[in-house]
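The values are calculated or read from the model by the stated rules, or taken from the named source; none is laboratory data. Note that the structure is a prediction, hence the values are computed from the model and not measured. Positions of Cβ are generated from backbone atoms using ideal geometry, with glycine treated the same way; all protein chains shown enter the neighbour counts. Accessible surface areas use protein heavy atoms only, side chains included; no ligands, DNA or RNA. Shrake-Rupley method; radii C 1.70, N 1.55, O 1.52, S 1.80 Å.
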Amino acid sequence: MASAAAILPATGHAREGRYENNAATRERPWVRALILTLALSFFVLFLLLPLVVVFHQALAKGWGTAAAAVTDPDALAAVRLTLLAAGIAVPLNLVFGVSAAWAIARFEFRGKQVLSTLIDLPFSVSPVIAGLIYVLIFGAQGWFGSWFIEHDIKIVFAVPGIVLATIFVTFPFVARELIPLMQAQGRDDEEAATVLGATGLQTFWRVTLPNIKWGLLYGTILCNARAMGEFGAVSVVSGHIRGETNTMPLHVEILYNEYNFAAAFAVASLLAMLALVTLALKSWVEWQANRVVTQKEAMVRK
């Protein structure tokens, strides 16, 4: 598109056009300074300061107290349960997310819009409500509770209930990262592979997966972070049995309610470190994805 200077005559109108263009795209220095100050203030007050407070309170009574709190048997059991729940929920959501994204982005079928809407259900339903739903279905007074009791199967107030609640609150993350990505990429590469004789599995492993790998990794990281930090739904279905059904967030709550603040913040610092690791991985994935896009654009220009 030609610039305003090229379209307007070389008179004061051209200079006026350039001035209006600059005015539309550039803010005054004080506006930029105000926006930057507001952004940094929110970052410091609501993100950085709470993080600093967590680590400060964790070490308020010394490294020995913090280490004892983290290595306590109940704390270690909470860490193991958190990793177990995330280790089961994330791979299952990975399979579901890829399948749902493939179906929605590549096929037309009746109920497609309904499926796309249901994927967002955990975003609109409170996690506490999700936990209550599982209690209503699998609890002792629930729809199937008597059957599970007769067969000595524990769902609610046991590990299976925690895993189910974690799966529910985390399953949109992978699918929501992949669906717009696969829709934007289109089906040209996969149709070309099919024409050349590739099977569906070969097309997925050699064409689709390389194209979506960064979005897939990004969604998996977010899903894992949400799984390890989930509180509401897990709190309802866990029963708060110390050393058995307490995840790390629940263990922090119990320690805090017992006024054992140093131990509570010590365990919370583990969650904070996991969040920092997740943030670092997220930034690395974004950097890698942008680097790949830049390299492809450079190759196209050549």
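Tabulated data for the structure shown
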quantity: In segment 189-203, residue farthest from the chain's Cα centre (by Cα) [restricted to those that are of a type in the set (A, V, I, L, M) and in a helix (DSSP H, G or I)]; calculated: VAL195
quantity: Total residues in segment 174-188, condition in a helix (DSSP H, G or I), open to solvent by 40 Å² or more (accessible area, probe 1.4 Å) and touching a residue at least 24 places away in the same chain (Cβ under 8 Å); calculated: 5
quantity: Test: GLY239 is closer than 19 Å to LEU281 by Cα, at pLDDT below 90 and not acidic (Asp, Glu); calculated: no
quantity: Residues satisfying the stated conditions in segment 245-302, i.e. assigned to a helix (DSSP H, G or I) and among the polar types (S, T, N, Q); calculated: ASN257, SER269, THR278, SER283, GLN288, ASN290, THR294, GLN295
quantity: Residue within segment 228-236 that is open to solvent by less than 30 Å² (accessible area, probe 1.4 Å), touching a residue at least 60 places away in the same chain (Cβ under 8 Å), more than 23 Å from PHE96 (Cβ to Cβ) and touching a helix residue (DSSP H, G or I) at 6+ places or on another chain (Cβ under 7 Å) present; calculated: yes
quantity: Scan of segment 259-282 for residues that are over 21 Å from ARG80 (Cβ atoms) and over 19 Å from the mean Cα position of the chain (by Cα), ordered by number; calculated: TYR259, PHE261, ALA262
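For (1) touching a Gly at 6+ places or on another chain (Cβ under 8 Å); (2) at pLDDT 90 or above, each residue gets a yes or a no:
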{"residue": "PRO160", "(1), (2)": "no, yes"}
{"residue": "ILE167", "(1), (2)": "no, yes"}
{"residue": "ARG176", "(1), (2)": "yes, yes"}
{"residue": "GLY186", "(1), (2)": "no, no"}
{"residue": "GLN202", "(1), (2)": "no, no"}
{"residue": "THR208", "(1), (2)": "no, no"}
{"residue": "GLY215", "(1), (2)": "no, no"}
{"residue": "ALA233", "(1), (2)": "yes, yes"}
